[in-house]
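S.K.: Right, I'll just put the structure down here and ask away after.
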Amino acid sequence: MKKFVQIAAVLISSTVAGVLVWRKVESDRLRNDLWDEAESISAEQDAAKVSPQAQPVPAQRG
């Protein structure tokens, strides 16, 4: 019976540790995705401020 309790404790603690690591990895991945998205939006806004988009000018005919 003692061996069964030890094995059950090891399995439960391993499972809990695995779930905590998985949550941390997913949290970091999500944070990195959001950070990358914010950086790309910031870069787009900076580029728009530095060089405004030129409006097309119609060619003269005739």
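S.K.: So how much slack lies between residue 41 and residue 13, counting 0.36 nm per residue of separation and subtracting their Cα-Cα distance, in nm?
M.R.: Here the segment from residue 41 to residue 13 would lengthen by 5.9 nm.
S.K.: Could you tell me how many degrees, from 0 to 90 and to the nearest 10, lie between the Cα long axis of helix 2-50 and the main elongation axis, the longest principal axis, of the Cα atoms of the chain?
M.R.: 10
S.K.: Per DSSP helix of 4 or more residues, -39500 (n - 2.57); summed, then divided by the residues of the chain. What does that give at 222 nm, rounded to the nearest 500?
M.R.: Numbers: 1 runs with 49 residues, N = 62.
That calculation yields -29500 deg cm²/dmol at 222 nm.
S.K.: Any idea which of 11, 59, 27 is furthest toward the positive side of the dipole for the chain, if Lys and Arg beta-carbons carry +1 and Asp and Glu beta-carbons -1?
M.R.: 11
S.K.: Let me ask you something else. Using alpha carbons only, what's the Rg to Rh ratio of the chain with Rh from Kirkwood?
M.R.: In the chain, Rg relative to Rh is 1.64.
S.K.: Could you name the aspartates and glutamates in cross-link range of residue 24, using Cα to Cα under 15 Å and dropping any fewer than eight places away on the same chain?
M.R.: Within reach: 33.
Each value in this text was obtained by applying a stated rule to the coordinates, not by laboratory testing. None of the values given here were measured: they were computed from a predicted structure. When we count neighbours, we look across all protein chains shown, and the Cβ atoms used for this are built from the backbone with ideal geometry, even at glycine.
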